[in-house]
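The values are calculated or read from the model by the stated rules, or taken from the named source; none is laboratory data. A quick note: this is a predicted structure, and the numbers were derived from the prediction, not measured. So basically every Cβ, Gly included, is an ideal-geometry build from the backbone, and we count neighbours across all protein chains shown.
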Amino acid sequence: SCEETQEEMRELENLIPGLSEQYRLVGKIGEGTFSTVYKAIDLQHERYDNSGWTMIFDAGRDQRASQRRRRARVVAIKKIYVTSSPTRIANEISILSELRGSRFIAPLVTAMRREDQVVVVLPYFRNDDFRRFYSTMHIDEMRWYFASLLGALEHAHSHGIMHRDIKPSNFLYDLRRRHGVLVDFGLAERECDQEATRARSRHTLQMDASTAMRLFRSFDQRGRPGIPRKDTRPGLRANRAGTRGFRAPEVLLKVPRQSVAIDMWSVGVILLCMLTRRFPFFQSTDDTEALLEIAVLFGRLEMERAVSQLGRTFLTNVPTVKDRGIRFESLAKAYNAEGYPNLPPDVFDLLRRLLTLDPEKRITASEALQHSFVVGRK
Ligand code: ADP
Ligand code: MG
């Protein structure tokens, strides 16, 4: 309720030393898995008068400095749950500060801490709710949406950083400004860090390849993958963080060496949602079922080939998985009875390149920015 939020905000202001001198919390904007995000006014740079929030330090400053301040006057304060591990929090902050400098990534303003309570301060970005626009979005608007999202990923990926949780709620898009910023680097990971983990756990991984295979071999009569209820076998050490429905096949298969290509798959899933006007598109709650959903789209043969390429085995007797897959064009038609007006063929070409099972062959962010669909925005 509103009163609870007020209470929470006052508590947070009192909890972190110096917070209330610098910021005044005005409301809650989000509640995620790992944090609560509040909207706040930057008090050091603002003064209230009857016309609204105005600048106080403008006089004598150059235009660029004042623009910077104008953007920073409203902030988002992300209160990270104390249950998050300190290394995770440190990771998010260090990645955010490394990625400063792209206009498609929310830049870190500051971070504050008291004991195990950490808050991250970002400029506030007004944005439209994906659920409100994904099904009515004009094709030209999609070009702009992906130009921003791919711009953010090009930047992160050039630093060897995988975001690992690309999905609409982590990409704040402003329809009016035709501009979006990527947020939430809470699960982000450097490609190189991952190799260090892998080297340490080589032994575990060999044991686990067979675990994964066993999982795929057992199916019950209802044609659903059979998963041992209490699987006490050691899990794969590969990172499988992310959000259901957006995980790339190599993440679902727990391939130990993952690359920035995992984010490109998730971009493809967003585009698929728009073209089929269905969000979320993939519904399954566990990884094995998620692979089956993907297999239904790609067909058994292509799926088997790609999965073996990733060093795993894909076996299924689920009747909905046909030998051959479904064309994305037919899929979009099937979900849009009246058809989507003016869908250019190149949007499907981009979709196919993003939703490519083999991460090595999947389109990269910089390549996608050069794709005719994205370049064609007016
Ligand atoms: P979590 O790790 O809890 O998912 P996020 O960083 O994704 O945290 O933030 C949760 C939500 O808060 C986002 O989905 C978004 O709606 C809102 N939010 C986060 N950062 C900002 C920002 N800079 N400007 C506006 N809204 C934001
Ligand atoms: Mg989030």
Practice task
Using the structure shown, decide if Val321 is closer than 29 Å to Arg177 by Cβ and at pLDDT 90 or above.
Solution key: no
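Take Ile270 and decide whether it is among the β-branched types (Val, Ile, Thr) and closer than 18 Å to Arg362 by Cα. Reasoning before the result, please.
Working: among the β-branched types (Val, Ile, Thr): yes; closer than 18 Å to Arg362 by Cα: yes.
Here the answer is yes, as Ile270 does meet what is asked.
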Completion exercise
Out of (1) in a helix (DSSP H, G or I); (2) over 21 Å from the mean Cα position of the chain (by Cα), the one Cys273 does not meet is (2)
Completion exercise
When every residue in region 10-38 that is β-branched (Val, Ile, Thr) and within 16 Å of ligand 2 (Cβ to nearest atom) is compared, the one surrounded by the most Cβ atoms within 10 Å (Cβ to Cβ) is Val37
Exercise for the section: Give the number of residues within region 358-378 that are touching a Lys or Arg at 6+ places or on another chain (Cβ under 8 Å), part of a loop (DSSP other than H, G, I, E, B) and buried (at least 19 other Cβ atoms within 10 Å of the Cβ). Expected result: 3
Practice task
Mind listing whichever residues of region 148-164 are assigned to a loop (DSSP other than H, G, I, E, B) and surrounded by 22 or more Cβ atoms within 10 Å (Cβ to Cβ)?
Solution key: His163, Arg164
Handout entry: Failed criterion for Phe314 (all others in (1) under 23 Å from Pro168 (Cα atoms); (2) surrounded by 16 or more Cβ atoms within 10 Å (Cβ to Cβ); (3) modelled with pLDDT under 95 hold)
Key = (1)
Exercise for the section: Could you tell me which numbered condition Leu301 fails, if it satisfies all but one of (1) over 22 Å from Arg277 (Cα atoms); (2) crowded, with 20+ Cβ neighbours inside 10 Å; (3) at pLDDT 95 or above? Expected result: (2)
Practice task
Inspect region 168-186 for any residue being modelled with pLDDT of 95 or more, away from ligand 1 (no atom under 16 Å from the Cβ), assigned to a helix (DSSP H, G or I) and surrounded by fewer than 22 Cβ atoms within 10 Å (Cβ to Cβ) and give the result as yes or no.
Solution key: no
Practice task
Please specify each residue of region 330-357 satisfying the condition of being part of a helix (DSSP H, G or I), modelled with pLDDT under 95 and among the hydrophobic types (A, V, I, L, M, F, W, C).
Solution key: Leu331, Ala332, Ala334
